[in-house]
Every structure is written in C-alpha cells, then in structure tokens.
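Below is one structure, written out as structure tokens, with a few remarks after it.
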Amino acid sequence: VDSISLGQTDLEMATKSEYQMKESVLPADATNKNLIWSSRDENIATVNKNGLITAHRYGKATITATAADGSGVSASCTIQTRFYDVNDPSKYYYQPVYWAADNDITTGYDRIDFKPANDCTRREMMIFLWRLAGQPVSKVNPHTEFPSDSDLLAYAASSATYKAVAWGIENNITKGFPDGTFKPNDTVTRKDALIFLYRVKERPNVSGTIMFKDVINDDYLKTFKPTTDTYRAILWADANGISKGYSDGTFKPWDNCQREHIVT
C-alpha cells in the first residue's frame, strides 16, 4: 500500500452516536488492502475492524487506519465528541457549555450529557467557580464552618464539593446561611449566583440605581438595600452585560438558575 486517504480528517460527533468512516487505498490494485483500525483513547471513542466509530464521552480522540501489509502507511482523523444533549449551535448556551468544558470547568454527567435544563445546585456552582479559579487548595474546614449542615458533612475532604466550598469560605465568596448551614443541594437562585460571581471578582465598585421593578419594590428593601452585596451584585451584572433581566422589566431574583444559565 502506498497511501491511505480517509473521508474525514476532522470530525465532530455527539456522544452515543456512530459514524462509518470511508477510506481509499492506493494503488487500486494493491494485493492487500486490509486496514487495522485503532483509537488513541477508547474511553472517548472506539472504532471496529470495519471503520465504524462510536463516540462514548466528551473529549478528543484520534482514529487511525494502518495498512496491514507491514508497509507502515497510515492515515488519521481527529474526533471531537460533544455532549449528547448539547448539539445545536444555534442555542444560546452552546458556546458557553463548550467553553466551560474545554476549560475543565464542567465535565457534565459522566462526560456524556450536560443536562442544560437541570437546576444548578449551590455546590455545583461553587465547584464551577473553584475550577475556574484553578482548583486552589484551602486550609478551611467546611465541616467546622457549617456544623449544622448534615448534607455538607457527607462530603469527604477529598471531594470536589468539600474543596470548592472550603475555597469559597476562605475567599469570602460564600457565607452560608444564618442557621449555620450551606445547603449544598439547594438550587442556586439568580440573586445568589450573581453574588458569588461579584465576590469572585473581588466586589468591584459600582454606581447607579437598579431599575428592575421587582428589585426596587418595597417588599424587597430589606434584602436589596444599596449597601448590600445583593444590590451591588445585581447592579454590577446588569452594567457589565452578565444579566439583563427580562423583557417585562423584572429580574426575578428568587428564581432558580439552570445549568445552562450558570455557564452562560
């Protein structure tokens, strides 16, 4: 065999999908056109003896076809796998999800699905922010800081949840609740998500007035006093295009955040 050409040199595939690779071997009258197929990372994608590729988990793998005649001739294709449930580039969260995945901020669920519409928990958001910060090591003990939280006590010191919350405490990103809990499995609200982000950015100075009608409403004055991180975080996020609220002039601070919202 003198040369092998593959139908693709770069290929994107959704996890759990298959693709039949097409190949061409020269010279056409070669006595042995058999190919040996292999994958550099079979956790991400495998290939059978006929060149049928199956994508398993998010990531990159190289598929190689090598001539079986001992000539050493080969050809390769780079496979970029995508989360099974995030495969429409027109979705507003498509680029944010893959920015987060490419930067090791999220691994999705077993690197197969991302589940964009799932509610994002407080511990998940803290893990995202901790990974964004480079996974720094903290000496704080979350079990001591939040002794009332049995859910947090369930996380070992080796877990990402423990390490992320410890980092959040040490850097004043989270203070938990007045009753001594962190509530790791509660869904993060829109206002809390922005407070975490605002504190990650070390509380930049802000000026102006919030115009969202459901934030300046008298019912919220106790929570949204201009001197609070809550007020300043919402004002900062609005001014910097991080969150623009809704078309009816509301912000909906108490609404839950989904995973697609958080990465965006």
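The values are calculated or read from the model by the stated rules, or taken from the named source; none is laboratory data. If you're wondering where the values come from, they're calculated on a predicted model, not measured in any experiment. Don't worry about glycine lacking a Cβ; one is built from the backbone with ideal geometry, like all the others, and counts go over all protein chains shown. Ligands, DNA and RNA are stripped out before the accessible areas are found, and what is left, the full protein with its side chains, is counted by its heavy atoms. Shrake-Rupley method; radii C 1.70, N 1.55, O 1.52, S 1.80 Å.
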Tell me which lysines have Cα within less than 28 Å of residue 22's Cα, excluding those fewer than 8 residues away on the same chain? 33, 49, 60
Karplus-derived 3J(HN,Hα), 6.51/-1.76/1.60, for each residue of segment 107-124, Hz, glycine and proline x: 10, x, 9, 6, 6, 10, 10, 9, 6, x, 7, 5, 4, 9, 7, 5, 5, 5
Would you mind calculating the gained length between residue 5 and residue 103 on full extension (0.36 nm times residue separation, minus the Cα-Cα distance), in nm to one decimal? 32.0 nm
Any chance you could run the full-extension gain for residue 151 through residue 209? It's 0.36 nm times the residue separation minus the Cα-Cα distance, nm to one decimal. 17.1 nm
Give the ranking of 23, 12 by solvent-accessible surface, highest area first, calculated with a 1.4 Å probe. 12, 23
As straight-line cross-link partners of residue 91, the qualifying aspartates and glutamates (C-alpha separation under 19 Å, not fewer than 8 residues apart within one chain) are 12, 102, 113, 119, 260
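Can you give the helix-only mean residue ellipticity at 222 nm for the chain, where every DSSP H stretch with n ≥ 4 adds -39500 (n - 2.57) and the sum goes over all residues, rounded to the nearest 500 deg cm²/dmol?
Details: 8 runs with 66 residues, N = 264.
One gets -7000 deg cm²/dmol as the mean residue ellipticity at 222 nm.
How high is the FRET efficiency between residue 185 and residue 246 when r is their beta carbon distance and R₀ equals 22 Å, given to the nearest 0.05?
Details: r = 27 Å, r/R0 = 1.21.
For R0 = 22 Å, the calculated efficiency reads 0.25.
Between residue 137 and residue 74, what FRET efficiency comes out of the Förster formula 1/(1 + (r/R0)^6) with R0 = 30 Å and r the beta carbon distance, rounded to 0.05?
0.10
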Ignoring ligands, DNA and RNA, how do 71, 17 rank by accessible area with a 1.4 Å probe, largest first? 71, 17
Given charges at beta-carbon only (K, R positive; D, E negative), |dipole| of the chain in Debye: 580 debye
How much net charge surrounds residue 148 when only other residues with a Cβ under 12 Å from its Cβ are counted (Lys, Arg +1; Asp, Glu -1)? -3
Skipping prolines and chain starts, which residues have an amide H placed within reach, meaning under 5 Å, of the one on residue 13, given they are 5 or more residues away or on another chain? 80, 81, 82
Can you give the accessible area of residue 37 in Å² (nearest 10), computed on protein heavy atoms with a 1.4 Å probe? 30 Å²
Taking the chain as a Gaussian network, Cα atoms linked when under 10 Å apart, which of 72, 168, 51 shows the biggest mean-square fluctuation? 72
If I model a spin label as a point 7 Å beyond the Cα along the Cα-Cβ vector, how far apart are those points for residue 228 and residue 43 in nm? 4.4 nm
Compute the distance in nm between two label points, each set 7 Å from the Cα along the Cα-to-Cβ direction, one at residue 30 and one at residue 255. 5.8 nm
Check each of the chymotrypsin sites (Phe, Trp or Tyr not before Pro) in segment 58-132 and keep only those in coil by DSSP with at most 16 other C-beta atoms within 10 angstrom; list them in order. 92
In nm, spacing of pseudo-spin labels at residue 95 and residue 54 (7 Å Cα→C-beta vector): 3.5 nm
Charge tally in the Cβ shell below 9 Å around residue 59, where Lys, Arg are +1 and Asp, Glu are -1, residue 59 excluded: +2
Once percent of Cα pairs over 35 Å apart is worked out from the coordinates, which option in [x] 25; [y] 9; [z] 36 does it equal? [z]
With a Förster radius of 30 Å, plug the Cβ-Cβ distance of residue 170 and residue 119 into 1/(1 + (r/R0)^6) and report the FRET value to the nearest 0.05. 0.70
Would you work out the relative contact order for the chain, in percent, from Cα pairs under 8 angstrom that are 6 or more residues apart? 15 percent
